[in-house]
Structure formats: structure tokens, C-alpha cells
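Written below as C-alpha cells is the structure these notes are about.
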Amino acid sequence: MIGKPHMYKGNRISPSQLIMLIKLADRPMYGYELLKALREDYHGVWDPQTGAVYPALRRLQEHGLLSVENKEGKDHYSLTPEGEAWLDETLATISSEILFMSRTMEVMGRAYLARKGEVENFIPLDERSPEERLKHLWVVRDGVRNNLRMLEAHISELEGELNQ
């Protein structure tokens with residue numbers, strides 16, 4: 001389940017480690033490159049730190065889910081075949097949970113936005129400083145991007161079902 005740890009051969013895989021594996025499934029990356037990608041994806045929600053990311057990568061390597069290759073003085077991390085198989089199996093088992101959680105987040109997000117004025121003494125955008133307006137627009141943009149990613153995932157899933 002999302003938010004709870006998963007297990008691989010008796011080893012706990014945290015939600016953040018699962019996200020790292022998902023990012024590395026796209027392509028191998030060196031540590032700082034992965035850190036920047038995580039920070040971009042989770043901007044304003046989670047600020048991963050090097051002190052947490054590098055030990056997590058080492059643990060995933062110790063578990064046999066990642067391999068490391070040093071290129072030009074940088075450790076590049078990639079999924080092992082075992083890591084790919086475990087990730088595929090894990091994602092397949094949580095697909096319905098992901099859909100449930102994404103819909104739950106949508107409901108919660110709409111509720112938050114509906115109550116935002118009362119909860120945070122909302123100041124209309126035109127009365128905020130340019131810096132505050134820009135920060136607000138970044139948050140809105142990131143929310144739209146996340147919603148588009150979820151929409152694309154749902155579309156792909158349905159297209160896959162229809163093509164079977």
C-alpha cells in the first residue's frame with residue numbers, strides 16, 4: 001500500500017525508496033541527478049536531502065535492487081534485473097490502491113480549495129506582492145502537472161485494457 005513500506009526478501013523498502021526505484025526505471029542516474037529529479041517532482045511538498053537519498057540508494061544496492069557503475073567519478077545507479085522484476089510486481093499489486101488514492105487526493109484537494117479562504121485568511125491574488133503571486137502560480141502549475149500525469153496514467157491504463 002502507498003505510504004507503507006514494502007518488503008523485498010525480508011528487507012523493508014520505504015515509500016521514498018520505491019519512488020527512487022520508479023525514477024531509476026526510466027533511466028540510470030547518478031545520485032545528485034536523482035536528487036534533483038525528486039526535488040522537481042515533489043517541489044513544495046517534499047525536499048529530499050542528500051543525507052537521506054544516498055543511504056537509501058546504498059540500502060537498495062545492498063538488497064540487490066540497484067547496481068552502481070562509476071563513470072567519470074560519479075556513481076550511476078540503475079535497476080538490476082531483480083529490481084526491475086520486483087518493481088513491476090509491486091506496481092502491479094498496488095495499481096488499484098493508486099487509483100483509489102489518486103481519487104481520494106482529488107476529493108481532498110477540492111475540499112481544501114473550497115475551504116482555503118476560511119482556513120488561511122485567503123488574500124486575493126491581485127492584492128498580493130508579485131513574489132507571492134508567482135509562488136501561488138507555481139503551486140497551481142505543479143498541481144495541474146500532477147493532475148495531467150495522473151490523467152495520462154489513467155488513459156494509458158484504459159487504453160491497455162482496451163487493447164487486450
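Take the conditions closer than 13 Å to I19 by Cα and in contact with a Ser or Thr (Cβ under 7 Å, 6 or more places away or on another chain) and apply them to A56. Does it pass? Yes: the conditions hold for A56. Apart from one condition, D47 fits all of (1) modelled with pLDDT of 95 or more; (2) touching a Lys or Arg at 6+ places or on another chain (Cβ under 8 Å); the exception is (1).
How about region 36-53: which of its residues are farther than 12 Å from M20 by Cα and either small (G, A, S) or not assigned by TED's automatic domain parsing to the domain that holds I19 (or both)? Residues satisfying the conditions are G44, G51.
Filter region 38-74 down to residues that are closer than 29 Å to G10 by Cβ and either in contact with a Phe, Trp or Tyr (Cβ under 6 Å, 6 or more places away or on another chain) or hydrophobic (A, V, I, L, M, F, W, C) (or both), then give me how many there are. Counting residues in region 38-74 that are closer than 29 Å to G10 by Cβ and either in contact with a Phe, Trp or Tyr (Cβ under 6 Å, 6 or more places away or on another chain) or hydrophobic (A, V, I, L, M, F, W, C) (or both) gives 11. Residues in region 113-132 that are touching a helix residue (DSSP H, G or I) at 6+ places or on another chain (Cβ under 9 Å), at pLDDT below 75 and in a helix (DSSP H, G or I): 3 in all. Figure legend. Inter-residue proximity from region 31-50: first residues within 18 Å of N70 (Cβ to Cβ), second residues loosely packed, with under 14 Cβ neighbours inside 10 Å, beta-carbon distance below 7 Å, spacing 6+ or different chains. Indicated pairs: L35/T50.
The values are calculated or read from the model by the stated rules, or taken from the named source; none is laboratory data. For clarity, every value in this text was computed on a predicted model and none was experimentally measured. Cβ: placed from backbone, ideal geometry, glycine included. Neighbour counts: every protein chain shown.
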